[in-house]
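S.K.: Got a structure here, written out as structure tokens. Questions coming.
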Amino acid sequence: MPGFELFGEAEKAQVQDVLDSGVLMRYGFDGMRNGHWKAKELEKAVAERMQTKYAQLLSSGTAALTVALQAAGIGAGDEVIMPTFTFVASFESILAIGAIPILVDIDDTLTLDPVAVEKAITPKTKVVMPVHMCGSMADLSALKAICLKYNLLLLEDACQAIGGTYEGKPLGSYGDLGCFSFDFVKTITCGEGGALITNNEVYYKHADHYSDHGHDHMGNDRGAEAHPFLGYNYRISELNAAVGCAQIKRLDEFIAIQKEHYSVLRNALTGVEGVTFRRVPEGGVENYSFLNFFLPTEELTRKAHKALGAAGVDACFYWFDNNWHYYRKWEHLTGLRTLGKFPHEIIHGMPNYETADFSKSDAWMGRTISSLVKLSWTKQQVEQRAELLANIIADTLKP
Ligand SMILES: *Cc1c(COP(=O)(O)O)cnc(C)c1O
């Protein structure tokens, strides 16, 4: 997945441009910057590639989620539905604005189960936030139908699936708002950075102002700009945006490489009895950043994962035991361990996750192994990996 694997001259030239002009900030200094507006350029490229009217760059994917929620007017005590399998940024962004993360089971798509989502809706629910983990997407049409029925916002976290599509639309563009991360390990990277996309002009303007201290960005005298509402600083720097300008042009090339590598691995595993693959919803096309598969039992999956590690097959993940990506290890969340006092809406509104039943999620995650798909593998390396993977899994599953 990581775009940094293929850094080259284009990235260096973009950064050099910024250093030559000397303006490292994305706003102001019009005279000095010699026509270099890297953040604006990348916003235009992201909006075009994702077929949305607007894109707002931000300092991270976590910031993008936070700003997206703010831009849509979500706040204290509102409930946001999110999956049990995700990255900690999901609940961090929700808590950051005083809202309440409502954890909901996943299904064999490894993302939100629409049936469980509908059951979790209360009068306080405002947002459904599917997270397209490990290169593939949630059942978006079912989730959209639920959002329409209950008048909820659909916010797509497409941080791990950039370049994938659903019903012909780029992931992130199907919902009301979509978010991407350009952190160092994502398919395309800015070092640190993120973006939100939307076709809603009001959300876009809110995001644009909010992420820069509430500046309305009217005219060309930054000091004289008005502040229609309170904001914060979630800006990206020109240096980071410059790297992204080079990387986004390579997105399709990266996806094509991932698809090729993914296909070799998948073909090898297809012949192994007992292996099944993660379900991709109808109408969906993955971005191929991971190959995700199920083994018959939790015990066999643990055994296979251990054997893969012992054989030196790197970057195979067993998320069920992972510290970051699965609810079982989120003790800082379930115990509400905060540095300062939290808003009382959160303290009183948080479900008791210490006793919650996510056995449906456990049944899938306990049997899931994900292999990262690297860009830098040679043809020979991919083939060797495929053979090892298939042999080790077959050995493990042998009766
Ligand atoms: C990486 C990631 C984020 C957060 O992005 P950062 O840029 O690292 O803040 C959010 N959600 C998912 C699913 C991610 O993988």
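The values are calculated or read from the model by the stated rules, or taken from the named source; none is laboratory data. Predicted model, so just to flag it, every value in this text is computed and none were measured. Here the Cβ is made from the backbone with ideal geometry for all residues, glycine too, and neighbour counts use every protein chain on show. SASA here: full protein model, heavy atoms, side chains in, ligands and nucleic acids out. Shrake-Rupley method; radii C 1.70, N 1.55, O 1.52, S 1.80 Å.
S.K.: Just to be sure, is CYS147 away from the ligand (no atom under 16 Å from the Cβ) and modelled with pLDDT of 95 or more? Even if it seems obvious, please write down each step before you answer.
M.R.: Values: away from the ligand (no atom under 16 Å from the Cβ): yes; modelled with pLDDT of 95 or more: yes.
The answer is yes for CYS147.
S.K.: Okay, next question. Of the conditions (1) touching a Leu at 6+ places or on another chain (Cβ under 6 Å); (2) open to solvent by less than 20 Å² (accessible area, probe 1.4 Å), MET365 satisfies every one except a single condition; which number is it?
M.R.: (1)
S.K.: Only one residue in LYS12, LYS44, LYS38 is within 16 Å of LYS249 (Cα to Cα), open to solvent by less than 20 Å² (accessible area, probe 1.4 Å) and not β-branched (Val, Ile, Thr). Which one?
M.R.: None of the others qualify; the one that does is LYS38.
S.K.: Does the range 114-129 include one or more residues that are in the same structural domain as ASN200 (by TED's automatic domain parsing), of a type in the set (Gly, Ala, Ser) and either in contact with a helix residue (DSSP H, G or I) (Cβ under 6 Å, 6 or more places away or on another chain) or assigned to a loop (DSSP other than H, G, I, E, B) (or both)? Quick ask: steps written out before the conclusion?
M.R.: Going through the range 114-129, the residues in the same structural domain as ASN200 (by TED's automatic domain parsing) turn out to be 114-129.
Retained after the next criterion (residues that are of a type in the set (Gly, Ala, Ser)): 116, 120.
In the following step, the residues that additionally are either in contact with a helix residue (DSSP H, G or I) (Cβ under 6 Å, 6 or more places away or on another chain) or assigned to a loop (DSSP other than H, G, I, E, B) (or both) were identified as none.
No.
S.K.: Just need a number here: residues in the range 67-109 that are part of a strand (DSSP E or B) and hydrophobic (A, V, I, L, M, F, W, C). Write out each step before concluding.
M.R.: Keep residues of the range 67-109 that are part of a strand (DSSP E or B), which gives 79-83, 85, 100-104, 106.
Going one step further and asking which of them are hydrophobic (A, V, I, L, M, F, W, C), we end up with 80-82, 85, 100, 102-104, 106.
Counting residues in the range 67-109 that are part of a strand (DSSP E or B) and hydrophobic (A, V, I, L, M, F, W, C) gives 9.
S.K.: From the list LYS374, LYS303, LYS360, which one is under 19 Å from the mean Cα position of the chain (by Cα), in contact (Cβ under 8 Å) with a residue 40 or more places away in the chain and not assigned by TED's automatic domain parsing to the domain that holds ASP113?
M.R.: After ruling out the rest, the residue left standing is LYS374.
S.K.: Let me ask something else about it. Tell me which residues, restricted to the range 294-348, are closer than 18 Å to THR111 by Cα and aromatic (Phe, Trp, Tyr).
M.R.: Answer for the range 294-348, where residues must be closer than 18 Å to THR111 by Cα and aromatic (Phe, Trp, Tyr): PHE294, PHE317, TYR318, TRP319, PHE320, TRP324, TYR326, TYR327, TRP330.
S.K.: If you go through the range 130-145 one residue at a time, how many are open to solvent by 10 Å² or more (accessible area, probe 1.4 Å) and outside any loop (DSSP other than H, G, I, E, B)?
M.R.: 4
S.K.: Looking at the range 58-82, which of its residues are near the ligand (Cβ under 9 Å from one of its atoms) and of a type in the set (Ser, Thr, Tyr)?
M.R.: Answer for the range 58-82, where residues must be near the ligand (Cβ under 9 Å from one of its atoms) and of a type in the set (Ser, Thr, Tyr): SER59, SER60, THR62.
S.K.: If a residue must be near the ligand (Cβ under 9 Å from one of its atoms), at pLDDT 95 or above and open to solvent by 40 Å² or more (accessible area, probe 1.4 Å), how many such residues does the range 185-202 contain?
M.R.: Result for the range 185-202: 1.
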